[in-house]
Structures are given as structure tokens and as C-alpha cells.
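Presented below is the structure to which this report refers.
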Amino acid sequence: MTTDEATKSEGEVQAAALAERGEDITPSKDRGVLKIIKRPGSEGECPMIGDKVYVHYKGKLANGKKFDSSRDRNEPFIFSLGKGQVIKAWDIGVATMKKGEICYLLCKPEYAYGSAGSAPKIPSNATLFFEVELLDFKGEDLFEDGGIIRRIRRKGEGYSNPNEGATVEIHLEGFCGGRRFDCKDVKFVVGEGEDHDIPIGIDKALEKMQRGEHCILYLSPRYGFGEAGKPKFGIQGNAELVYEVTLKSFEKAKESWEMDTKEKLEQAAVVKEKGTMYFKEGKYLQAVIQYGKIVSWLEMEYGLSEKESKASDSFLLAAFLNLAMCYLKLREYAKAVECCDKALGLDQDNEKGLYRRGEARLLMNEFELAKCDFQKVLEVNPQNKAAKSQISVCQKKTKEHNERDRRIYANMFTKFAERDAK
Amino acid sequence: MAVDELQAIIERCQILEEADFKGEDFNLFQVAGQKCLEDGYAAQLLEVIQNEKNKVIIKNMGWNLISPLVRCIFMYKQEDDKRENCLMILDQLAQLCNPKELFLGLLEQIEQTSGEQVCQTVMLLLQPLQTVLLKLQNKKAYSVGLSLAMIMNQLTPLPVPYTKQQIQEDKLGLCQCCNAVVDFAKPFVNEVVKNMEKSSEYNDMELKEELIKFCMQSLKYPLLAAQLEQLEGIEDHPFRHFATEITDILWNIGELIPLVFVHHKGKSPHWENQEFADIERKNSADSLACLSYLMFVQHFGVECFPVVFSPSYLLLCNMTHIEVLLKRTEESILSKGLDLFESCLLRMEDNSLLHHYLELRDFINVPQDLVKIMTLCPMEHMRKKSLNILQLFIDKFDTEGKYTLFRCLLKTSNHAGVEGYIIKNIKDQIHLALMKEYDNIWFTGHHLISLLDLVLSLPEGAETDLLQNSDRIMASLNLLRYLVIKDCESDNQTGVWTTLGKIEQNFLKPLRVGLNMSKAHYEAEIKNKKENRKEAHSSNTVCSVTVSGEKMPAMTTGMQLQVLHSALFTFDLIGSVLARVEELIEVKTKAVMDENS
């Protein structure tokens, strides 16, 4: 037998087996996707919607001809399960697999490429045969920093998500080290979950959830209760948390363009107080969200009366100064400088603005610039002792740095000279 | 004599140590060598260079001869012996000279050419350049990158041959040159591939990066503007060949698939600073769009592409690229955008695209770009094509999607013809809804009423310019007529009978008023013109029209009358459909009233 014939007859055997004994895994039981397990995987769960899935596969047409194989590319194929990225047969089929499993799938065109086919390899109305191996799967890393991993149990609907400030109704259960410490139905505003003992990670994750979604969230301490922990729930500092959340419903917050100036100024007062409250409790991420609202509402607002303009500027100035403080605490120094720049744009001799910018710059090792800022502070307020001591800190650090540089570069030039001589 | 001078300097340098070569020695050598070439003594120069004893001298000083050498090669005819000699000299120099210096000399030469000389010079120097680069140890990757970038920079100002004739003629040699450049790059590609199979050394990442840069540059020029369809009568289409080579390079160094999906991954892994990432994204937008076109329309590299993605996901991934291409005005680039869009849509089944996708910005922007093309593009075949593609796009959406899209386009297109076309689509959807068994909530009932409010209205009431909007008005009237006939008042599936009062107030009444006003106005104009005809034709034109620097002749009274009459005809047409609709409404309402009484 030639290789082609061999492949064809092997393909026919597999397809026939599937047609006969294959399990119908379609939700509507229309035999659109039939499956046979070739090699069972390890015990345990199947991948969930949204999970990042790693597979190897081989695809053949009804006549046995291979049209694709991930092994030919020497790379596993990676995709997000249950999101419509792949043909329906795959979203259904891979969701039934366990890690390490190899299976065969026979897919009718309605669950594959239908009447349109897929030029140039797949003809119209083609039934496809796949051999799939599930190598691995892991939860979706929501912010690509390992802070929040999400696994969806039940998908929600629509592409619309709660925005910051939206009112959400959720059911929530919190676990730490296998022990459940919290279980409630709660309605709150996204960004203010803290008021209900809900960590910031939940607020952030909600912005990516769909209506009706039921998911599991794995929070690293940074997005959980941080170093302080939560004594009320008996949780130590730096604890990893697991939450099960169902987003029952939500109402989006008004977009900035939907509010008029009067409303914005009213809300700005409310939000400023909230921000300050969070700041005093050391909840800097939440405070940033509140102050940030003032900026997004008022920074680009036009057509203000003189009175409104004054009020707006006063709110913005306070917001920028407070944001700078928060960013200093969060160690995001570049952002702190940015906020100080904006504050100083509104009030160029603002003592707090200059001082905080100086602090940020000092921590970014920009000693000269920091010194300038502190000197300006003294010009505005000669009594500011803190600024004085900061200036001497700058000078000391500058000297240290120069010493170090001198040593490094001295060696460098000797090295170059030696190399050139060769 | 030139040869003697050359001999003299050679002899002098033969006895010197390499380290003792002075600046003036270099100068004398260069001048003497140049003179030899210019006076036609290439053969003698070749001998000198081939002489073993002079190896050290040539190694240090040879690179200075590049410039006069290239000049001479172009001076001599193909068959001339002297040209042969010059080519051999070039070859020898590549073998003997200090690679670093010769490299700079060659690059300098390429940088200095321009216009018609560019391709010839590049093709001439590619071989020695390759030899030299393969000899470099340190900084090879950097030098390869620099060479490729320099060459492509020099080629970029040249026009890309587009028609079959232009390609066959290849007047400036661009087609040939591009393919020569990919051949030139092959050994470096092979090196990267070989090193990929071993461990990853830092140096090889650099060479791979340079090759990626070269491919991205090539995608932007010449491929983005090139004609890439199969052409009858051209066996080996040079740009198709070039495109195949580029995709092959990307595939071999393992970057083809990642690049096709790069924008979809979100954060660019290369840059910390968001600003740099944004700049990179903007610069690479054209290249990536071209790559998608190559893969999905011309099927270059599609062998390697996974065949498991859903068609709607492929459309999603390509929308950014389609948008980039559709924003351009050059025919070659615009047509690629339309082809890419069409090919993505043809992979989908009708009614399969979920309305959710319209929540994404691209999916709203792109149909508006299509509308711009079909109304503003000067090329008729482009206008027709983009209209076809818009219809295709509409067909692929589910009913809620169609509904949303119609609303959006009615609000944003600002063009009566397009609005009329959309209204016709709405009529077709209502027709389908009425015929089907199950409830289509979007084209019946209260959703439809809300849409009808948009459709069955006059934008400026009775003062609407009826001529300007005639396409739209006719389509609206036809739709209303259809509804009145098809949907019995007892059924009222479409809800038209519920909203009839509003329709009469917002549409039918002002339309009647407007028609009367316009007809009266135009009839008065016609009467005036006819009376004035008897008087002398005055040249008191209110305004004049200048096209291409030539002033258009004023319209004769005869022409003006023609225009006015045709306007009247349009009003009559609208009026007659309006009358028919009103008649139908009256009949039906009366029938119901009779029934009820």
C-alpha cells in the first residue's frame, strides 16, 4: 500500500469507529460532534471557559488527507477556551477533555466551517476529523501580571462590562487556605468594594466580567488584603485568596460625557471625601480610583462659569496633590511626578506639589531635579524644615553616586584601551 | 603614465611595514588606481591586485577604489573586456580587503547613488557586500541590519511598477533588485535558523531582530503598493516571488504566526515605555496589514497557519488591518483592504456574526469607512466593490446586529444614496420577518417602530431639499407603501398602523407641503426663464465654475431649462408614489372603520 492509501484507510477506519461508537458531546444531541477517547488523561477537572489551553493536534479531511498539524510547526497550539476563537466543535470538544488526554473528534460542517469552507484548505460542507492532545491548561491572567487569575464556571452574556463606578449586584464567597471566611449577597459600587470588606482585586475583576457570569478568582496578596491581612476574617498578611463570584446584574455608571457640570461638581465633593477616607485607612489603590474620577470628570470640562471654574480648579488641584501622595505610597514615582506637574500647572508655587515632586524625584535618583524642587519650596516657605533636610540628603546622594560612577567608568576605559591594543 | 605611477607607489609600499602606511600613501594609491581605471588600464590594475606580493597593501588600501571602480563599470558596455576586468577587481577586493573598511566603502557607495542608478548599483554590489558581511566577526548582526536598512531606504523613493506592462518592462530594475536582495539575505537567514536549533545566544537574537526589521520594511515597501494578483502572460511574477520569499523568511525564523497575531496580544513585550510601544505600533501597522493580506487573500504562508480558528475570530483579528488599509487613498492599497475584508466575510455564513461585535469600535468604524469610499472615491470599480462588501457585511450579522448597523449608518452616512440603500435593506428584512414563522423582534413591533421613526421622517421638515434627498425619500415611500400593503391593520405585526399618526405628521404632511412648495418654485423659475429667453442672453452669471484651471462655460438657457424640467419630473415621481400611499392608507383605514361600525 502506498502512504496515501495507508493514510486513507487509517482515516476511514477512525472515522467509521467514531460514527459508530463515538459519544455525542453536543448540548443539543444532534451528533454534530462525536468523540472517542484514545488515551485517558489524569484524574481531575476539565478546563473552564476563558482558560488558556495548550494542545497538539492533527486535522484530516473526510478523504483522509491531512490539512493541518501543530506538530509540523513544532509548537503547541494555544487558545482561550469557550470564547469563540476556534470552531464550535473545538470549544465543545476540548472542554470535555482532561489534562494529558488524547481523543478523536468527528465534526460536522455546522460545527466547523459550514458552507463557506475555509480557503484554501477546507472545501464547502466538509466534515473534519481531529486527533487532539490536551497538554495543559491554566486560568486566564486578567492583567497579565499574575495578580488575578480567573476561571469561568458559567459564561455571561454580551461584551458589555461594568465600568468603574457601576453599581453591581453580586454573590460572593471568599476562601483562604481552604477555609471559607466570607459569604454574602451584596450590592455596591465598583471601586468601593472596600466598604464591604471586599478586596480591590474583586473590583478590578468585575470590570472584565459579563452579566450572569459565575467565576473563580485567584488573588495574589497585592490584589487581596495585602500586608495588613484582615483580622476581622482571621486572615494573615500576604495571604492568597480565592473568591467565587457571580455577577447577577449591573448598572453602568454614567460616562463623563453624560453628566453636566453641576452634577460633576456635586459628585466631585462626594468622591473627594471618599478618597480621603480610603487614604487615611491606607487603602491607596481605592483612593486613587476616587481621586481619579475627579480628574476624568473635570480635567477636560469646558464652558464653565467663573464660579464653576474656581470650584473645578480647586477640586482638580486637591485631586492631583492627593494622587501624588498615593502614588508615592504605591511606589509609582513616575506617576507621582506626573500628578505634581499637573498640580503645579494649576498653582505653580504650590508648596505640597513641589515637595512631593521633590520626594518622587529623589526616589527615582534624579538628585539634581529633586534638589531644585526642594529649593523652590524654601523660596515659597523659608520655614519648611523638611525641605532643608531633604536638600542635604540630595547633596549626599549626589556625591555618593558620582563616586560610584567614577569607579565604574575608570575601569571601563582601561578595559577598552586593553582591547584596542590587541 | 598611470600604470607607472601605480607601480611606483606599490613599490614604495612594498618595503614598508603595515603599521607605517601613511595618509599620503593611501592618497597616492587611490589617485593612481583611479587614473588607471579611467585611462582604461583595468587589466593592469587587476594584475597588480592579483599579485601575491601586494596582498598587504591591497588589504589596507583597496577599499578606496570602490567608487572609481563602480563608475567605470557603468561606463563600459556589457561585452567590453575592460568591464570584465573591473568586475574581477571588485571580486578580488571583496576577498582581500579589510572587511570592516570595505563594508563602509560599499555602503557609502550605495548611499550616494540615487534615481535610475540605484537598482543597478545595488545589484552590482550585493555579492561583494555579502562576502564581506560573512567575514565580519563582531557586530555582524548590526552590519547586516545596517546594510539591509540602507538598501531598502535607497529603494523606497522609487515608484513601484503596477500594471502588467510596467512589471514586464521594469524600467528602473526594481523588481529584479528586490529579488536579488532576498537572495542576498539567505545565508543570514540560514545562520539564524541553525542557531535557533541550538541554544539561544545573544548575538543571534540580534541577527533575527534585524531580519524581522527587514521583512517589516519590505512589507511596507514595495509589497504594500505592489500588484500581487496572478497576471496572465507573466510566468514568474516578481512581486509574488518576493512576497513568497519574505513570508518564507518569517516562517523559517519562527516569526510568521506571532506577527499575524501580534496586535491582539495587547501589551507589546518589547517596550516598557508605553509611548515607544505606541510609536512602534503605528509604524508597523502598514506592514502587519500587508502581511495579513498576503496570508488571507493571496494565501502566501497559509500552509503554516493553524486551520482551527473560527471565521468570526479571524474577522475580529483582521479588523484593525482592514481599517488601516481602508483609510488610504492609493488604489493599490485600498483595493488590498477591500479584498482582505471580502475574503474574511466570505468565510462566514450568513446571520452568523453576533451583534456583540458591534460593541467593538473597529466594527463601527469600518462600515463608515466603506461608506466614505462608496461616496467619495473617484474610481468607479472601487465604489461598486465597497458597496458589495457593505451588503456582504450586513448579511453576515444576526438580526439584532443588522438592526444596530442600520441605525448607525442612517445616523452617520450623511448621504441620501446610502440612506436609500439602507432603507431598502430594512424593507427586505421586514419582508423576511413577516414571512417567517417565528418572531423576529427586531424588525417587527416596537423595535421596528423606533427604526421607522428614523426612516420615515424628513430631516428638515417641509424645508428639506427634496432633490438632494430624493433617493432617500423614494426609498422611504416605497417602504411605507410596502408596509401598508403587506401588513393588514388587523395583524399590525410591524406596528406601522400604531404609529401612523406620527408618520403622517413627521413625514407625509411635510412632504406634501414641501412638494407643493418646490413644484411652485421651479415652475415659476421655468416661466421666468422662458420669458427672459426673448431678451438678450445676459452674462450676469452669479458664480462661475473653474475646473483644472479652465473656466467652465456658463449654462445656456436651454440647459438650465432642462435641469429645471428634470427636477419637476422628480417631484412628480415622488408625488405620485406619495399619492398612491395616501390612497392605500385611506382605503385600509376606511375598510377597518367599516368593519368596526
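Give the residues of the stretch B:388-410 that are over 29 Å from the mean Cα position of the chain (by Cα) and either modelled with pLDDT of 95 or more or of a type in the set (F, W, Y) (or both), sorted by residue number. Hit for the stretch B:388-410 is B:Y403, nothing else.
Which one is surrounded by the fewest Cβ atoms within 10 Å (Cβ to Cβ), of the residues in the stretch A:152-179 that are closer than 21 Å to A:I87 by Cα and more than 14 Å from every other protein chain (Cβ to nearest Cβ)? Give the steps one after another, and end with the answer.
Here is the first cut: in the stretch A:152-179, the ones closer than 21 Å to A:I87 by Cα are A:152-159.
Filter once more, keeping what is more than 14 Å from every other protein chain (Cβ to nearest Cβ): A:152-154.
On the way: A:I152: 21, A:R153: 13, A:R154: 11.
Top of the filtered list is A:R154.
Scanning the stretch B:35-58 for residues that are under 48 Å from the mean Cα position of the chain (by Cα) and over 15 Å from B:M88 (Cα atoms) gives a single hit, B:E38.
Residue under question is A:G84, and the condition is that it be part of a loop (DSSP other than H, G, I, E, B) and away from chain B (no Cβ under 14 Å); does it hold? No; evaluated as a whole, the condition is false for this residue.
In this entry, A:K396 is excluded by the filter for residues that are charged (D, E, K, R), under 30 Å from A:T261 (Cβ atoms) and assigned to a helix (DSSP H, G or I).
The criterion of being out of contact with any Leu (no Cβ under 9 Å at 6 or more places or on another chain) and under 21 Å from A:P231 (Cβ atoms) does not hold for A:G201.
May I ask you to verify whether B:G23 is within 50 Å of the chain's Cα centre (by Cα) and of a type outside the set (K, R)? Taking the combined requirement at face value, the residue does not satisfy it.
Among the residues of the stretch A:90-103, some residue qualifies, meaning at least one is out of contact with any Phe, Trp or Tyr (no Cβ under 6 Å at 6 or more places or on another chain), surrounded by fewer than 21 Cβ atoms within 10 Å (Cβ to Cβ) and part of a strand (DSSP E or B). Checking each residue in the stretch A:251-284 for being at pLDDT 90 or above and hydrophobic (A, V, I, L, M, F, W, C) picks out A:L265, A:A268, A:A269, A:V270, A:V271, A:M277, A:F279. Across the stretch A:118-160, the number of residues qualifying as assigned to a strand (DSSP E or B), more than 29 Å from B:C344 (Cα to Cα) and within 20 Å of the chain's Cα centre (by Cα) comes to 10. Would you mind finding the one in B:L124, B:L104 that is more than 21 Å from B:L46 (Cα to Cα), part of a helix (DSSP H, G or I) and out of contact with any Lys or Arg (no Cβ under 7 Å at 6 or more places or on another chain)? Being more than 21 Å from B:L46 (Cα to Cα), part of a helix (DSSP H, G or I) and out of contact with any Lys or Arg (no Cβ under 7 Å at 6 or more places or on another chain) holds for just one of B:L124, B:L104, which is B:L104. Restricting attention to the stretch A:123-152, the residues that are of a type in the set (V, I, T) and either closer than 20 Å to A:E213 by Cα or modelled with pLDDT under 90 (or both) total 3. In the stretch A:5-31, the residues that are under 14 Å from A:L128 (Cα atoms) reach residues that are surrounded by fewer than 14 Cβ atoms within 10 Å (Cβ to Cβ) and at pLDDT 90 or above with C-beta atoms within less than 7 angstrom, at least six apart or across chains, in these pairs: A:R31/A:D24. For the stretch A:110-137, the set of residues classified as of a type in the set (D, E, K, R) and more than 12 Å from every other protein chain (Cβ to nearest Cβ) consists of A:E131, A:E133, A:D136, listed by residue number.
Return a yes/no flag: does the stretch B:316-326 have any residue that is within 11 Å of chain A (Cβ to nearest Cβ) and not basic (K, R).
Kept after step one, since they are within 11 Å of chain A (Cβ to nearest Cβ), are these residues of the stretch B:316-326: B:316-317.
When the remaining residues are screened for being not basic (K, R), the result is B:316-317.
Within the stretch B:316-326, one or more residues are within 11 Å of chain A (Cβ to nearest Cβ) and not basic (K, R).
Per the listing B:N506, B:N478, the residue uniquely modelled with pLDDT of 90 or more and surrounded by 14 or more Cβ atoms within 10 Å (Cβ to Cβ) is B:N478. When the test is whether a residue is within 29 Å of A:E266 (Cβ to Cβ), modelled with pLDDT of 90 or more and not hydroxyl-bearing (S, T, Y), A:L378 does not pass it.
Do you know which residues across the stretch A:394-411 are surrounded by 11 or more Cβ atoms within 10 Å (Cβ to Cβ) and more than 25 Å from A:R357 (Cβ to Cβ)? Answer for the stretch A:394-411, where residues must be surrounded by 11 or more Cβ atoms within 10 Å (Cβ to Cβ) and more than 25 Å from A:R357 (Cβ to Cβ): there is none. Residues in the stretch A:91-109 that are within 11 Å of another protein chain (Cβ to nearest Cβ) and either under 22 Å from B:F296 (Cα atoms) or of a type in the set (K, R) (or both): A:P109 alone.
Here is a list: B:L338, B:L358. Which entry is hydrophobic (A, V, I, L, M, F, W, C), assigned to a helix (DSSP H, G or I) and at pLDDT 95 or above? Full working, then the answer.
Values: B:L358 fails: at pLDDT 95 or above.
Result of the check over B:L338, B:L358: B:L338.
Selection over the stretch B:411-422 of residues that are at pLDDT 90 or above and under 20 Å from B:H355 (Cβ atoms) gives a count of 1.
Summed over the stretch B:298-315, residues that are part of a helix (DSSP H, G or I), at the interface with another protein chain (Cβ under 9 Å from one of its Cβ atoms) and either over 14 Å from A:K83 (Cβ atoms) or under 14 Å from the mean Cα position of the chain (by Cα) (or both) total 4.
Residue under question is B:D395, and the condition is that it be out of contact with any Leu (no Cβ under 7 Å at 6 or more places or on another chain) and either part of a helix (DSSP H, G or I) or hydrophobic (A, V, I, L, M, F, W, C) (or both); does it hold? Judged against the criteria, B:D395 is a match. Taking the listed residues A:A112, A:A126, the one that is in the same structural domain as A:E43 (by the TED database), under 25 Å from B:L358 (Cα atoms) and not hydroxyl-bearing (S, T, Y) is A:A112, with no other qualifying.
Mind listing just one residue for me: the one in the stretch A:43-81 that is of a type outside the set (V, I, T), touching a Cys at 6+ places or on another chain (Cβ under 9 Å) and outside any loop (DSSP other than H, G, I, E, B) and, of those, nearest to the other protein chains (Cβ to nearest Cβ)? Out of the qualifying residues, it is A:R73.
If you filter the stretch A:269-310 down to residues that are free of Cβ contacts under 8 Å to residues at least 12 places away in the same chain and in a helix (DSSP H, G or I), you find that the one that is surrounded by the most Cβ atoms within 10 Å (Cβ to Cβ) is A:M277.
Residue check: is B:Q368 surrounded by fewer than 18 Cβ atoms within 10 Å (Cβ to Cβ) and modelled with pLDDT of 95 or more? I'd like the intermediate steps shown before the answer.
On the way: surrounded by fewer than 18 Cβ atoms within 10 Å (Cβ to Cβ): yes; modelled with pLDDT of 95 or more: no.
Criteria not met by B:Q368.
List pairs: first in the stretch B:226-245 and modelled with pLDDT of 90 or more, second of a type in the set (S, T, Y) and surrounded by fewer than 19 Cβ atoms within 10 Å (Cβ to Cβ), Cβ under 8 Å, 6+ apart or cross-chain? Matching pairs, first to second residue: B:A226/B:Y162; B:A226/B:S332; B:Q227/B:Y162; B:Q227/B:T163; B:Q227/B:S332.
The values are calculated or read from the model by the stated rules, or taken from the named source; none is laboratory data. This is a predicted model, so every value here is computed, not measured. Every residue, glycine as well, gets a Cβ built from its backbone with ideal geometry; the counts of neighbours run over all protein chains shown.
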